[in-house]
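This report concerns only the one structure given below.
The values are calculated or read from the model by the stated rules, or taken from the named source; none is laboratory data. If you're wondering where the values come from, they're calculated on a predicted model, not measured in any experiment. With ideal geometry, Cβ positions are generated from the backbone for all residues, glycine too; neighbour counts draw on all protein chains shown. Keep in mind that these areas ignore ligands, DNA and RNA; they rest on the heavy atoms of the full protein, side chains included. Shrake-Rupley method; radii C 1.70, N 1.55, O 1.52, S 1.80 Å.
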Amino acid sequence: MEGGGARQRRNPLLARPNASKRHLHQHQQQANAADKKVATSNYFSIEAFLVLVFLTMSLLILPLVLPPLPPPPSLLLLLPVCLLILLIVLAFMPTDVRNMASSYL
């Protein structure tokens, strides 16, 4: 009976050593899903939601009610263009990463 004719009984816990890990992982996933549901349902309080609705309605209605404003000065119109140019220059400016890394150490 050494050759495999007889079948030995195995302990079910020893047969699957990862079963407890798998169960723990599933439990953690269920807990995370429950936490996400709670977090999404309480993401905005009632007061914050009402403030957002009020701001949205005022942005939609006030331009229709108020008289039109005069155009801004021409120099003020250049401000967004200058900011855009500055951001583009900063985005493509080469940096020396070695100096930046050593200054934070």
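For this structure, a couple of remarks:
- The conditions of being open to solvent by 80 Å² or more (accessible area, probe 1.4 Å) and modelled with pLDDT under 90 are met by residue 74.
Yes/no matrix, rows are residues, columns are (1) touching a strand residue (DSSP E or B) at 6+ places or on another chain (Cβ under 8 Å); (2) loosely packed, with under 10 Cβ neighbours inside 10 Å; (3) modelled with pLDDT under 75; (4) among the aromatic types (Phe, Trp, Tyr):
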{"site": "16", "(1), (2), (3), (4)": "no, no, yes, no"}
{"site": "29", "(1), (2), (3), (4)": "no, no, yes, no"}
{"site": "45", "(1), (2), (3), (4)": "no, yes, no, no"}
{"site": "97", "(1), (2), (3), (4)": "no, yes, yes, no"}
